[in-house]
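S.K.: The structure under discussion is supplied below as structure tokens; questions concerning it will follow.
Every number in this text was worked out from the coordinates using simple rules, so none of it is lab data. These numbers come from a predicted model, not from an experiment. Neighbour counts run over all protein chains shown; Cβ positions are idealised from the backbone, glycine included.
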Amino acid sequence: MTTEAYYDQQRTMLRMPVNPTYHREDVYQLSNIQEAAESNDGKGLSAMLEQISLLRKQCMGQKAKVVELRKEATLVVDELYAAAALIMPIELRVLLNSALRKVVESLKMGSWDNLLKSHSSHFSQSKIPLPNYIRGMFQHYEIPPPSLSALDMLCDYGRAHLRKPGNVGSHSVSQAQIRYAITGPFEYPCRQVLEEIYTFRFGISVYEDRQDDVLTTSML
């Protein structure tokens, strides 16, 4: 077959009409494929909804576990602070107790327990942590608030130590003794926060205060 004859044959085949039988079969096949796809989509949607429901249940289960873990962590933190209070110098315990008393008096709450109850009644709605809640109250009364770091330490100490019966006793130490406990040879990792609490409690920097004979008691 010559080249010219080959191309004539190809042109003839291209001009041939489409077989209507094959055309109908193709249409039926496409229709069946579409129906199958729609059926599979329905099954896929149902499976997806089941998977979403399962994931939701798993999330709720994980949420419950997180709540339990938080409770356990709180208990551990309370025990750690309680243990730390046993080895904490009496001068620093007096400082923290008297600083907490100043917080209570400044906010006119009457007692530390009253302040905790006030926070609990608001926490269910606002979810504001206790230190932020107290800082907000200071700002409401237009009183210069302690730093959040200082409030963190005071709140942790107060929740872990002061609410346990028998942990609050009356002790008196001088401001000089408190200053020495903060600035002395003992290297506390929280020394800067203790300095901030001292400034809040006495209204003067621990490095500027020269009071030696003023006694401070720890009773709340």
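S.K.: From the cross-link list Lys65/Lys102; Lys65/Lys127; Lys71/Lys117, which pairs have alpha carbons spaced over 26 Å apart?
M.R.: Among Lys65/Lys102; Lys65/Lys127; Lys71/Lys117, the Cα-Cα distance tops 26 Å for Lys65/Lys102.
S.K.: How large is ³J(HN,Hα) for each residue in the range 89-94, as worked out from phi by the Karplus curve 6.51 cos²θ - 1.76 cosθ + 1.60 (θ = phi - 60°), to whole Hz, x for Gly and Pro?
M.R.: My calculation for the range 89-94 gives x, 4, 5, 6, 5, 5 Hz in order.
S.K.: Beta carbons within 10 angstrom, averaged per residue: use that to sort the peptides 139-150, 52-63, highest first.
M.R.: Peptide ranking by packing, descending: 139-150, 52-63.
S.K.: Using the Cβ atoms and a cut-off under 15 Å, what net charge is assigned to the surroundings of Asn132, where Lys and Arg are +1 and Asp and Glu are -1?
M.R.: +1
S.K.: What is the local net charge at Asp152, summed over the other residues whose Cβ is closer than 14 Å to its Cβ (Lys, Arg +1; Asp, Glu -1)?
M.R.: My count for the surroundings of Asp152 gives 0.
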